[in-house]
Amino acid sequence: MNELVTLMSGTANSDLSNKIADYLGIKLCDMDVGRFSDGEIKVNINENIRGKDVFIIQPTFPPAENMMELLIMMDACYRASASRITAVIPYYGYARQDRKDQPRVPITAKLVANLIETAGANRVLALELHAAQIQGFFDVQVDNLFAAPVILEYIRGKNFKDLTIVSPDVGGIKMGRAFAKKLGANLAIADKRRTASDSSELMNIIGEVAGSDIIILDDIISTAGTITQAAEALKKAGAGRIMAAATHPVFSGPALERLEASCIEEIVVTNSIPYTGSEKCSKVKVLDVSELLGEAIRRIHTEESISMLFV
Ligand code: R5P
């Protein structure tokens, strides 16, 4: 990396930002991200970034201040004459409302894309967007990485003999099929029906799972309702050992208690969002995506292809 690159971190996941900086062998930009006495966010960049290729690392999980921080940092970079601003968003919040599927509801994934562009992003580097079409909500280039290489490497190390990948909803079938193919595993589907925005009911397991070890694969674990209901249904259907894997550990509401009490032996997630719940749930294994994101940043800066990061 050269002196034209500036790497910045918001306060949402400084551990991940430090790891990315270590991978790239550069220091994070000297800046202050603080608060006014009423709580409003205050940003000061303490070094010259005129003409720099700036990468701002900030996942936008709740609270909404994480999003505001990202927007305000981009505005500061724009006004400081950065030559290019890339929003590096390891978790893209508000992504799940991505279409108008009932009357009088917003499309927050598009609203957030508009906000990010208006604040000055010239491009976006994301990790596992909830839906691939969110890339099209932006008029700037979006690279949407997948955590699959990191998760697959961990799963391979487990040496499963008879493995079935289970997608807990129809939206996850494509990813489930890709994992199953790479691992030489079978694919099954849990037929989930959403009863409210934060709750769901499991209807059926589609596919053979009896006697097989299972990995339930999802992009997000929020309340853990989806994944724990799928695990129960799989146990009833005669499945063997059950593990879960998801990129984004949102872990809201009763998630950790549910996971701890469930028949799932291990829950594999990434550090796209910091995990702070080890006292409540000891089954969570956090995999590091800093090299993946760091390598993508390096390649974007040097204008090399990033397609090798998808294998
Ligand atoms: C939904 O479409 C997502 O892929 C996840 O299945 C969902 O966000 C998980 O939510 P929860 O953990 O609250 O069931």
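Of Leu145, Gln58, Gly294, which is farthest along the charge dipole of the chain in the positive direction, counting Lys and Arg as +1 and Asp and Glu as -1 at C-beta? Most positive-ward Cα: Leu145.
The length gained on full extension between Asp288 and Ala80, counted as 0.36 nm times the residue separation minus their Cα-Cα distance, comes to 71.7 nm.
Provide the FRET efficiency to the nearest 0.05 for the Val140-Lys236 pair, computing r from the beta carbons and using R0 = 30 Å. So the FRET efficiency works out to roughly 0.05.
Between Lys27 and Glu279, full extension at 0.36 nm per residue minus the direct alpha carbon distance yields a gain of 87.5 nm. Of the residues Ala230, Ala178, Ala190, the one that moves most in a GNM of the chain with alpha-carbon contacts below 10 Å is Ala178.
When shorter helices are ignored and each DSSP H run of at least 4 residues is given -39500 (n - 2.57), the per-residue value for the chain at 222 nm works out to -8500 deg cm²/dmol. Partner lysines whose Cα lies under 18 Å from the Cα of Lys174, excluding those fewer than 8 positions away in the same chain, are identified as Lys182, Lys192. Between Ala131 and Glu304, the contour length at 0.36 nm per residue exceeds the Cα-Cα span by 59.8 nm. A Cβ-based charge dipole, computed about the Cα centre of the chain with Lys and Arg at +1 and Asp and Glu at -1, lands at about 680 debye.
For the residue pairs Lys27/Lys280; Lys27/Lys110; Lys158/Lys181, alpha carbon separations beyond 26 Å are given by Lys27/Lys280; Lys27/Lys110. Short to long, the 10 Å bins of the Cα pair-distance histogram for region 83-179 hold 14, 38, 28, 15, 4, 0 percent of all pairs.
Taking amide H as placed 1.01 Å from N in the peptide plane, the amide H of Met8 sits under 5 Å from that of Cys29, Phe55, Ile56, Ile57, each at least 5 places away or on another chain. Which value results for Rg/Rh of the chain when Rg is the Cα radius of gyration and Rh the Kirkwood radius based on the inverse mean 1/r? Computed over Cα atoms, the ratio is 0.98.
The modelled label-to-label distance for the pair Glu3/Glu153, using points 7 Å beyond Cα in the direction of Cβ, is 3.3 nm. Along the Cα-to-Cβ line of Ile173, 7 Å from the Cα, sits a label point; which residues in region 202-229 have backbone N less than 12 Å from it? Counting only backbone N, you get 206-207. By other beta-carbon atoms within 10 Å, ranking Val105, Val112, Val33 with the fewest at the front produces Val105, Val33, Val112. Charging the Cβ of each Asp and Glu at -1 and of each Lys and Arg at +1, and nothing else, the dipole of region 82-191 about its Cα centre rounds to 160 debye.
The numbers here are math on the coordinates, done by the rules we state, and not lab data. This is a predicted model, so every value here is computed, not measured. Methodologically, a virtual Cβ is constructed for each residue, glycine included, from the backbone with ideal geometry; neighbour enumeration extends over all protein chains shown.
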